[in-house]
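Scroll down for the structure; my scribbles are underneath it.
Read the figures in this text as sums done on the coordinates, not as results from a lab. What you see is a predicted model, and the numbers here were worked out from it, not measured in a lab.
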Amino acid sequence: MAKSHNNFIGSWAFLIGVVLAVILGLIANFSGTGSNLSEVWTIVLVVIGLLVGLLNVEDKETMPFLMSGTVLIIASALGGSVLWNIQIITSVLNALLLIFLPATVIVAIKNVFNIAKN
């Protein structure tokens, strides 16, 4: 079965977002700004996360995505806290959080609406 146009856009948004988050995390670390990304890049990563949550996850993928997204959020947040002295890891984990947090929240809200609808 062919994937929908929205799923295609969401898949590319996911791939681009993860690669961009890693690159921006590395750049933020080496530019001397620590784990702080510029406001523009923060907004870009959050918008990519929203697109992933809205367009990429189909009903049958909801539970695996929520489980994986939750684990990534917890691991990134706790990993950044524990490994705070290794700035390069903290920068990348914080950038990944900017994608996965909104994506997971959107998918969770969609799932609650689907449950309430039934």
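Worth pointing out:
- Span-rule helices in the chain, defined as complete DSSP H runs reaching 24 Å or more along the axis (Cα) with Kyte mean at least -1.0: 5-30, 62-82, 87-117
- From the coordinates shown, percent of Cα pairs over 20 Å apart corresponds to which of (1) 57; (2) 49; (3) 43: (3)
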